[in-house]
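Comments concern the structure below.
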Amino acid sequence: MAVPSPTSRRKRRIDVSIWDAFWALASSLLALWLGDALILTQHDWNATIIYCALSTGFAVVAYVAFGLRSTVSQHFSAHEVLDIAEAVLFAQLLTYGLLFTLTRLDGIARAVPLYHGLLLAGGLIFVRIVTRVASGERRASDYQLRRERIIVIGANRLAASFISMLRAYASNQEGVVAVLEEKSGAIGRTLSGVQVLGTPQELDVIVAEFAVHGVQVDRVILAGDTDLLSSAALHDVERVCKKRQLGLSYLPRMLGLTEQGASCAEVVGSTDTETERHLFLRMKRSIDILGSLALMFLLLPLFAVATLLVLFDVGSPVLFWQERTGRKGLPFLIYKYRTLRAPFDSRGRPALGDRQPSVIGRYLRATRIDELPQLINVLFGDMSLIGPRPLLPEDQPSNTALRLSVRPGITGWAQVNGAKLLSKEDKEKFDEWYVRNASPWLDTKIALMTLRTLSRNYLGSAEAVEDLAQVQAKQSSLAIPESPPPKTIANIEPSPPARAEVVKRSAMRG
């Protein structure tokens, strides 16, 4: 699974899966049969062909319009579920509207497009889930094993060969996430499967937008020598690399690339204690699957209300993703409801105006409703219901072996003992204590304490105030382009009164 491009710069490719096209046709025939359509009972094959051709054609158009992938990926995600739902709804509205306008649906039950939509969406989602489950959880994807992220400057044949070489010889070690080109006409095109996102002068903005989503760019490579860019553009690139501490290399001068990248492929966080907890962790995975399915069903009305609130408050898309570090040090994409407006406009420029969360956003954060989409992460095996909270790569403690030996959780021991009021060191101690003492009884205790914490949480709580202060601190630092790199949330110390209260409560627990 490739790293998703920043939302404001995402482009669509015209590419349709053979299975998706086949299922669009097959599901239309099944829908006619389920609806007892008169055109079938009367053997009106012309009307049948017209309906199937139109519905299939509109489905393929929807696939292209909403960017469904050309292959059934084994790394199916929540983004694709939303894309499928939107594409199916769009296709059925087109089919229903055109047929009703031309034929008033003569011989076709009004429920046939509804049946078709349900069958089409169900089949697409089912095949993708089966593909993901069948692939197994033990094999890490190319996306998870890729340790270094590269931006290439220069959309030329040398850059294309470099990208192809990495894909062929070091696909699990280094990955090119974007290409920049000084000629604006190349923006939006692809080079060996990697999209040209902007010009070299936009390097700072593009790196910042990737960072918002938790994707850390490590290196910038010029596909040429110093004469590849104008002196002004080269100066901008060198300034940004120095400011953001990015490695800057010139492709013609690079030697031994494969050997240098080999060290990046090591998977951190392996530990022998995993064997001792194997039985409990296997049982816990089964509990996570059943628990996430049950919670998603029971909380379906809350999902619907939260989605409408987010649409009303900050607009589409309703989900926000970030890359976090999970079990065995493998990265994954964590999902939340959006509570802030997009930091960049459609042209990749920093958005103007206040980006502080509104009353609705603060309420979603204070009640933890914004964390509900992480049940999808639990179902897919990226997270657990209970465990150490997943951190951004730069927020990881110095010794990650213990905390990364288990799946990160939606809630955990640190979350019910202070959460955002805790310092980075205290969170690390709580998480390590949980991993060493993990048991069914401890998980039950954490679940009950989480319910009690949620029932008492409100907008004016100390944790909600601290959360808002951290958001304001990050937004103020991101609002100044030339400012030093923003502090991470983990490095922002809570206020002395809040800190004293956490220490007091921890001491009372003994």
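The figures follow:
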quantity	calculated
Efficiency of FRET between L442 and I287 - r from beta-carbon atoms, R0 22 angstrom, step 0.05	0.95
Computed lengthening from D36 to A232, 0.36 nm per intervening residue step minus Cα-Cα distance	63.6 nm
Additional length obtainable on full extension of the chain from L298 to S164, 0.36 nm per residue less Cα span	43.5 nm
Stretch gain in nm, segment L454-A401, where the contour uses 0.36 nm per residue and the Cα spacing is subtracted	16.0 nm
Which listed pairs, of K284/K328; K183/K336; K242/K427; K242/K328, have C-alpha distances above 27 Å, in listed order	K183/K336; K242/K427; K242/K328
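The numbers here are math on the coordinates, done by the rules we state, and not lab data. Computed from a predicted model, the values in this text were never measured in an experiment. In this analysis, Cβ positions are derived from the backbone assuming ideal geometry, glycine residues included, and neighbour counts consider all displayed protein chains.
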